[in-house]
Every structure is written in structure tokens, then in C-alpha cells.
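K.L.:
Please find one structure pasted underneath; my questions will follow.
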Amino acid sequence: MIATDPGKHFLKPASMLSGGPRAFLRSIERLLYHLGFDDIRNIDGPGDEGGDILAHRRGLRWVFQSKWTTGRTISEQAVRQVDAAKAFYAADRAVVATNARPGRGALAHRARLASVGVRVDIWDSRVLAKFAAEVIPEYVPDRFAPYPFQANAIAEASGALSGAGRALVILATGLGKTVVAGELVNAHATERSDGEVLVVAHTKDLVRQLERAMWRDLPMSVPTQLLTGDDRPQTTVGVTAATIESALRAVEDGWQPSLLVVDEAHHVAENGVFQGLMEKLANTPRLGLTATPWRGDGYDIADAFGEPVFRMGIAEGMAAGFLSEVDYRLFLDEIDWDAVRETSEHGLTLSDLNHRLFLPQRDEAVIDRFREVWSQVLNPRAIIFCRTIDHAEEVAQELREWGWRRAECISSRQNHRERDILMSQFRDGRVPVVTTVDLLNEGVDVPDVNIICFLRVTHSRRIFVQQLGRGLRLREGKNRVVVLDFVSDIRRLRATLDLRAALERLEPEEIERLKLPRSTISFSNPAVGSFLEEWIRDAASLEDAGDEVRLQFPDVPGWSAV
């Protein structure tokens, strides 16, 4: 459906002029969603080589130069810059987007490039206005009706917000919690023309991703803006995505939004900035969403949002056919059996046990296992979670030496633009494998991933589930993710066994009806696996235990025969 009111949209000339260069750039990003682009990445910043946005459409890579100005025209410099960016990023198409008009120099240089077969498009103020009035639909074209389980979550949360004014939704990574949030925000924003929605998260990157996620569910008539240390919007009409600190300052200055949405709600603690914000907005309906509700300090986020109105975990998502099946392979070949004996007889702290029980796997042996799986997977795309940034860089270098020439490390040592470029290359297959530590835990959509390798200690059940979730998203041509887990923490072993138990509790007739192969969790050495499973059977809360907890495991008859 084409928008019926061309004067009410995010590409209004007045808005494009008053918002400044950063807001104009985000408007171009939002336009690309409406035009059917995907993997849209803002790469603006020092050293961007003339490119501000990278995006894909119908198999082609596009690069955009965003040129906001208070003047009437742009010069040929913009055309030169985007042409250079096209070469630098190996893009297929190049576009200058501007709120002004191309000057004579810009048109002349574009014509010179065209004469040698180089195309540069210019989307000026007239083109953008035409897009809004005649071309782009009111909603993005890939917006789809929620799945039945998402519709149930939306209905339950909506009822709870209307009633108690609180709602908590728990959905495993890959099940679309942002779809649920977007639909609820859309309903609120469109039903209340005076409504102002505040969506908060704990990092700037997540806040930017939240604003983009909202675009898929909002009509073009509902404006969005960022509120962070870098962005100060002129208005809070519509939907404002904010870092928690900036949101609290705005509320302390008197702002009273009509709906509060907290993404990654497991970051809410008993005390702190999140609690301060909710205390200031005690009478504002609040929605919390998370895939991993557990906290290491024992605080129950239900105290802030009420008991979950809807919950679906990894096992249930797999059974319903909305998550990829898992071929989970645990490698426990390197076990120090003297540590097993000492723990059974005397007890060890978790910290001591982990250091003594799991002998370190050599990276060369890990790569051998990785190579074997790589050769068996169609169109392999892999993430390897490592212990430290140094380790991640070392593993990437070893992979390159062993034949993966485009293996890359993604870490906090790179700036935002560099990471976005690498993620764009990862999404389109130019970089087939990445190593990292924690950067891909939250808010990253990588549905093509079909191999995950754990080389790091993951004490936290929340981090374990988040990282596993990077491979669970479905994609056309993909129905399985292979996980190689070189276990080095007994708490993660327990969490993995809990996942296996949950999968085994699924009704066989459901698996058969949906024609899904049963997900598997297996040990490289079944004898070792069976023993360790029996050994930790009584440690029901093991994954939440602290490092100094002293474990006293039962003496299992026959352990010495393993």
C-alpha cells in the first residue's frame, strides 16, 4: 500500500533540513529498508573513504554518500567521493543522497564518469520527495504477519500492559523478540497520535539497532530518533531509542513518555540506572524483553516487569520449527582424571576444578576438527568464540595460514565502522569465518551462520545461550547448525546437558509431525561423557555457582575404568 498522505513522512523537506547531517543519514537508512535493501550498515566516520552506508539489494552491493547541506546545491566533490568509495568497498552501485540539488560541477563530473561506463546516481531532494509520494510503501516490503507464537506473545503483553501496566516477554534468540516489541510499539504509536514511546538499551550500538528494528514495524508517518551522548533530537514525538543514561537525564528534566520498552531486560538490576529510570516512570506502562532472564547476582527481573506473560526457549523453538536444529558436539578428550579423583574424595572449588580438570586443547587440534566439519557443511559460515582478543587474533592468523585466507577477527580494538565493514563482508560471504570474544553476543543478526566453535570459558549460562543463539536463526537453505564445544568449564557442561534434557522432553509426535530431525548433543568420547554426566547429576544449580563454591561429587563406581 502506498502512503496516502505524502506530506506526512520521515522524508519531509522540513525534517530533512532541520534534523542535521546525522538525522538525514538515518533517514536515508530508513528509506533503504522501504526500498527493499537488506544488511544496511552505517559506516560513516573518519577514514570511511567517501562511503556512509553499505547495503545489499538483489545480490548487488551498494555504497551511499549522504550529503546534507544548508545550501541549495552540492559540488562535484560528493560525486568524486562516492566514486572512490565504490572502488574501495568493491561495490556494484554508487549513490549520492542529498537534501539539496546537484550543482553544475556535480552533474558534469557524473557525465564524465558515465562516458567511460561508470555510473553514479544522485538522489536529490526531488527524487527523495518522489520516493515518499509515489514509490515506497507505507510499511517496509518484507514486513510480515507475526507467527502464531509471536501473535500470542503480543496479545498477552498487550493485555498485561493495559491491565497491570507491566509485561515481560522471554523469547530465545532467533524467535523474534524485536518483532514482538515492534508490533506493540506500532500499535501504541498509531493508536495514540500524541503518544511518545521510549525504547532503552545499555549500549549505543544496541540503541542504533533498536531504532532500525522499529522501522520494520512502523508506518512511514511515525518518526523515530536517537537520544544518546552523540544525538540530541529536537523532538520526542513518535519513538525515541535511547541509551539508559541519556533517557534518565531526559526524564529527570521532565519528559514523561507514554510507554517504556526495555530491551535486553536482563541488564536490569536491583539497584542502578535502570531502576532509577523505572522509579521516575512508576506510572508509565513498561515492557521488558530478553532471551536470557538469568542474572549472576540473583535478582529476579520479574520484580521489575511482573512474571513472564509469554516464554519460549530454545528447545521449544526448535520443536515448533522456528529455530535451526543443532548438531552439538562436546569435546572432552583432555580430562585430568587425578582431578576427578581428588574432587570425588575431597572436593575442589569450581575455580580450582576448572583449571585442573580440563587440560588445554591445542589450537592445531581444534583446527583439525574445524576443518573436518567445514568440509561437510554446505556454504559454510562460521563464528569461533575465543578466550581473549589476543587469542582471537592468533586463531584468525592460524586459520589464514591453514587455508582460510579471508578469516578475520572482530574485536573492540576496531572502531565501529571497521566492525560493520567486516560484518557486511561476513554476511555476503566475502569473509566466511570470524573469530571474536563477546562482541557478537547481543543484537547481532547473522542468520547464515551454520558453524559455531567455542574455545572460550563461558561461566555464564546467559552468555552461553546468547552465543549459541548466533547460529539458531533459520535461513533459506539452512536447517542445521553444527556446534563444536571444546569445554573448559564444568558449568557450561551442565548447561549443555540441561539443553539436551529439554530437547529429550519434547513430544516425539511433534518432531514427527513437523518432519524435523531431532537435534543432537553428543560427546566425542561417549564413555567420558556418560561418566561426567553421572558425576554432576546432583549439581542442579551448578551453572549459577560461584568460583569459590566447593564441590563434593559422589564417588561413582567404576570411574577408574573410563
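K.L.:
Is there a residue being assigned by TED's automatic domain parsing to the domain that holds residue 56 and in contact (Cβ under 8 Å) with a residue 60 or more places away in the chain anywhere in region 155-174?
P.N.:
Here is the first cut: in region 155-174, the ones assigned by TED's automatic domain parsing to the domain that holds residue 56 are none.
Within region 155-174, not a single residue is assigned by TED's automatic domain parsing to the domain that holds residue 56 and in contact (Cβ under 8 Å) with a residue 60 or more places away in the chain.
K.L.:
Hey, could you check region 58-68 for residues that are crowded, with 16+ Cβ neighbours inside 10 Å and of a type outside the set (Phe, Trp, Tyr) and say which is modelled with the lowest pLDDT? Give the steps one after another, and end with the answer.
P.N.:
If we filter region 58-68 for residues that are crowded, with 16+ Cβ neighbours inside 10 Å, which is where we start, we get 61-68.
Okay, now just the ones that are also of a type outside the set (Phe, Trp, Tyr), so 61, 63, 65-67.
Working: 61: 92, 63: 96, 65: 96, 66: 95, 67: 95.
Residue satisfying both the conditions and the ranking: 61.
Conditions (1) part of a loop (DSSP other than H, G, I, E, B); (2) at pLDDT 85 or above, marked per residue:
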| site | (1), (2) |
| --- | --- |
| 411 | yes, yes |
| 414 | yes, yes |
| 430 | yes, yes |
| 434 | no, yes |
| 439 | yes, no |
| 448 | yes, no |
| 459 | yes, no |
| 463 | no, no |
| 468 | no, no |
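K.L.:
When you check residue 340 against the structure, is it over 19 Å from the mean Cα position of the chain (by Cα), crowded, with 20+ Cβ neighbours inside 10 Å and modelled with pLDDT of 90 or more, yes or no?
P.N.:
Details: over 19 Å from the mean Cα position of the chain (by Cα): yes; crowded, with 20+ Cβ neighbours inside 10 Å: yes; modelled with pLDDT of 90 or more: no.
For residue 340, the condition - over 19 Å from the mean Cα position of the chain (by Cα), crowded, with 20+ Cβ neighbours inside 10 Å and modelled with pLDDT of 90 or more - is not met.
K.L.:
Hey, can you tell me all the residues within region 365-399 that are among the basic types (Lys, Arg) and free of Cβ contacts under 8 Å to residues at least 40 places away in the same chain? I'd like the intermediate steps shown before the answer.
P.N.:
Here is the first cut: in region 365-399, the ones among the basic types (Lys, Arg) are 369, 371, 381, 387.
Result: 371, single match.
K.L.:
Moving to a separate point now. Report yes if some residue within region 196-211 is in contact with an Asp or Glu (Cβ under 9 Å, 6 or more places away or on another chain), modelled with pLDDT under 90 and of a type in the set (Gly, Ala, Ser); otherwise report no.
P.N.:
no
K.L.:
Then there is this: Considering only residues that are touching a Pro at 6+ places or on another chain (Cβ under 8 Å) and either in a strand (DSSP E or B) or acidic (Asp, Glu) (or both), look in region 85-133 and name the one that is surrounded by the fewest Cβ atoms within 10 Å (Cβ to Cβ). First the steps, then the outcome.
P.N.:
At the first step, the residues of region 85-133 found to be touching a Pro at 6+ places or on another chain (Cβ under 8 Å) are 96, 99, 110, 122, 124-125, 129, 132-133.
Retained after the next criterion (residues that are either in a strand (DSSP E or B) or acidic (Asp, Glu) (or both)): 96, 122, 124.
Details: 96: 24, 122: 21, 124: 18.
Result: 124.
K.L.:
Please enumerate the residues belonging to region 284-297 that are over 23 Å from the mean Cα position of the chain (by Cα) and either closer than 22 Å to residue 257 by Cα or touching a residue at least 60 places away in the same chain (Cβ under 8 Å) (or both).
P.N.:
284, 285
K.L.:
Within region 141-174, track down each residue that is modelled with pLDDT under 85 and closer than 17 Å to residue 262 by Cα.
P.N.:
172, 173
Rundown of residues vs (1) at pLDDT below 90; (2) on the phi > 0 side of the Ramachandran plot; (3) not β-branched (Val, Ile, Thr), yes/no style:
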| position | (1), (2), (3) |
| --- | --- |
| 239 | no, no, no |
| 262 | no, no, no |
| 274 | no, no, yes |
| 277 | no, no, yes |
| 285 | no, no, yes |
| 292 | yes, no, no |
| 299 | yes, no, yes |
| 309 | no, no, no |
| 318 | yes, no, yes |
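K.L.:
Can I ask one more? Which of the residues spanning region 240-277 are small (Gly, Ala, Ser), surrounded by 17 or more Cβ atoms within 10 Å (Cβ to Cβ) and within 18 Å of residue 165 (Cα to Cα)?
P.N.:
Result: 265, single match.
K.L.:
Still on this structure, please answer the following. State all residues of region 134-165 that are crowded, with 17+ Cβ neighbours inside 10 Å and either over 32 Å from the mean Cα position of the chain (by Cα) or polar (S, T, N, Q) (or both); if no residue qualifies, say none.
P.N.:
Answer for region 134-165, where residues must be crowded, with 17+ Cβ neighbours inside 10 Å and either over 32 Å from the mean Cα position of the chain (by Cα) or polar (S, T, N, Q) (or both): 150, 158.
K.L.:
With respect to residue 206, determine if the residue is assigned to a helix (DSSP H, G or I) and either in contact (Cβ under 8 Å) with a residue 60 or more places away in the chain or of a type in the set (Phe, Trp, Tyr) (or both).
P.N.:
So residue 206 fits the description; yes.
K.L.:
Let me ask something else about it. List the number of the failed condition for residue 61; all other conditions in (1) over 22 Å from the mean Cα position of the chain (by Cα); (2) part of a strand (DSSP E or B) hold.
P.N.:
(1)
K.L.:
Do you know which of the residues in region 1-39 that are among the β-branched types (Val, Ile, Thr) and surrounded by fewer than 22 Cβ atoms within 10 Å (Cβ to Cβ) is modelled with the highest pLDDT?
P.N.:
From region 1-39, those among the β-branched types (Val, Ile, Thr) are 2, 4, 28; that's our starting set.
Subset that is surrounded by fewer than 22 Cβ atoms within 10 Å (Cβ to Cβ): 2, 4.
Values: 2: 30, 4: 35.
In this case the residue turns out to be 4.
K.L.:
Still on this structure, I have one more. Just to verify a result, which residue in region 5-58, among those that are over 22 Å from the mean Cα position of the chain (by Cα), touching a residue at least 60 places away in the same chain (Cβ under 8 Å) and part of a helix (DSSP H, G or I), is farthest from residue 205 (Cα to Cα)?
P.N.:
13
The values are calculated or read from the model by the stated rules, or taken from the named source; none is laboratory data. Because the structure is a prediction, the values reported are computed rather than measured. Don't worry about glycine lacking a Cβ; one is built from the backbone with ideal geometry, like all the others, and counts go over all protein chains shown.
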